[in-house]
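Student: Just passing along the structure, written as structure tokens.
The values are calculated or read from the model by the stated rules, or taken from the named source; none is laboratory data. A quick note: this is a predicted structure, and the numbers were derived from the prediction, not measured. Quick reminder, even Gly has a Cβ in these numbers, built from the backbone with ideal geometry, and neighbours come from all protein chains shown. For the accessible areas, the whole protein counts, side chains as well, though only heavy atoms, and no ligand, DNA or RNA atoms are used. Shrake-Rupley method; radii C 1.70, N 1.55, O 1.52, S 1.80 Å.
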Amino acid sequence: MAWSLDARIPVHLLTAGETPAPGMALLAEAPTAAFAPTMALFSLTGAHVPACACCGVRGPVAEALDRLFLGRVRGEFPWFTAIAALPQSAEAAEAIRQTLRDDAASSARFRLAPQA
């Protein structure tokens, strides 16, 4: 019997007008009017180039995902089983996809949920 279990936390990339399901954590591009009890913001404005001397290879999306993950495991945030990502631009949506694909820590903890 073949089976597979992917225990990574799914990240749902929402489009404008979509609302997160109850109990989802929120990953949002700053500034945003959205709010959730469990939330992390990221900003691509002013972000340094990848692998710059001060930031290394991690970017703002990876740092925001780290804050969500660590808050979850430390009990600082209510438990969540999925993340709603609210990018405000195509560039931010691609940054989320790229982080989930290329950042080792993020891709080990999270996965992009299939689009409905």
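Student: Find all pairs meeting these conditions: Cβ atoms under 9 angstrom apart; at least six residues apart or on different chains; first residue within segment 101-116 and closer than 17 Å to L26 by Cβ and of a type in the set (S, T, Y); second residue in a loop (DSSP other than H, G, I, E, B) and open to solvent by 60 Å² or more (accessible area, probe 1.4 Å).
Tutor: What qualifies is S106/R58.
Student: Considering only residues of segment 55-68 that are open to solvent by 20 Å² or more (accessible area, probe 1.4 Å) and assigned to a helix (DSSP H, G or I), which is nearest to S107 (Cα to Cα)?
Tutor: Looking at the filtered set, the residue picked out is D66.
Student: When the residues of segment 69-97 are narrowed to those that are open to solvent by 80 Å² or more (accessible area, probe 1.4 Å) and in contact (Cβ under 8 Å) with a residue 12 or more places away in the chain, which ends up nearest to the chain's Cα centre (by Cα)?
Tutor: R97
Student: Another question, then. Residue check, D66 against (1) modelled with pLDDT of 95 or more; (2) more than 14 Å from the chain's Cα centre (by Cα), all met but one. Which one?
Tutor: Exception for D66: condition (2).
Student: Same structure again: Taking only segment 8-20 into account, find how many residues are more than 13 Å from F42 (Cβ to Cβ) and surrounded by 11 or more Cβ atoms within 10 Å (Cβ to Cβ).
Tutor: Of segment 8-20, the ones more than 13 Å from F42 (Cβ to Cβ) are 8-10, 12-20.
Subsequent filtering for residues that are surrounded by 11 or more Cβ atoms within 10 Å (Cβ to Cβ) retains 8-10, 12-14, 18, 20.
Adding up the residues that qualify gives 8.
Student: On to the next question. Can you give me the number of residues within segment 21-41 that are touching a residue at least 40 places away in the same chain (Cβ under 8 Å) and either β-branched (V, I, T) or under 22 Å from S107 (Cβ atoms) (or both)?
Tutor: 8
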